[in-house]
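Notes follow the structure.
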Amino acid sequence: MELDQRDSRTVTASAHLALGQWATRLGAPADPAPGLLAVLDQHMARIATAVGSLTPVNLAAYADGVADAATSRGWTPSPVRDWRQASWVAVHLLAVCVLARSVS
């Protein structure tokens with residue numbers, strides 16, 4: 001089934017919404033500290049390799065998959081107060097959100 005242009009825009013807008021909701025749930029910093037940026041760069045490289053075609057839709061699906069897997073192992077999404085002590089999952093999801101901003 002092919003999507004027409006309007007449907008495609010709707011799906012992309014929904015992906016942006018989902019990624020924005022992840023950023024809010026995690027308490028994403030507006031301006032990450034340099035140390036966090038270095039860690040995010042490493043995560044973004046792994047994500048780019050895993051996802052392949054970097055589109056908002058693919059990144060939102062990837063984020064949901066990571067969160068679903070982590071949740072099934074006991075992780076609970078919550079705002080991060082100190083990113084230096086954040087879980088791998090929270091940092092990885094933040095990296096997805098940051099990467100999505102760059103491909104929008």
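The values are calculated or read from the model by the stated rules, or taken from the named source; none is laboratory data. Treat the numbers as computed from the prediction; the structure is a model and nothing was measured. Using ideal geometry, Cβ is built from the backbone for each residue, glycine included, and neighbour counts are taken over all protein chains shown.
So is Asp31 under 19 Å from Val103 (Cα atoms), of a type in the set (Asp, Glu) and not in a helix (DSSP H, G or I) or not? When the stated conditions are applied, Asp31 passes them. The residues in the stretch 38-68 that are of a type in the set (Val, Ile, Thr) and under 14 Å from Ala90 (Cα atoms) can be counted, and the count is 3. Out of all the residues in the stretch 67-90, which are in a helix (DSSP H, G or I) and either without any contact (Cβ under 8 Å) to a residue 24 or more places away in the chain or crowded, with 18+ Cβ neighbours inside 10 Å (or both)? Across the stretch 67-90, the qualifying residues are Ala67, Asp68, Ala69, Ala70, Thr71, Ser72, Trp83, Gln85, Trp88, Val89, Ala90.
Conditions (1) among the small types (Gly, Ala, Ser); (2) under 26 Å from Pro34 (Cα atoms), marked per residue:
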| site | (1), (2) |
| --- | --- |
| Thr49 | no, yes |
| Pro56 | no, yes |
| Arg73 | no, no |
| Gln85 | no, yes |
| Val89 | no, yes |
| Leu93 | no, yes |
| Ala100 | yes, yes |
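Looking for whichever is modelled with pLDDT of 95 or more, within 16 Å of His16 (Cα to Cα) and in contact with a helix residue (DSSP H, G or I) (Cβ under 8 Å, 6 or more places away or on another chain) here; the options are Ala100, Ala70, Ala60. Which one fits? The unique qualifying residue is Ala60.
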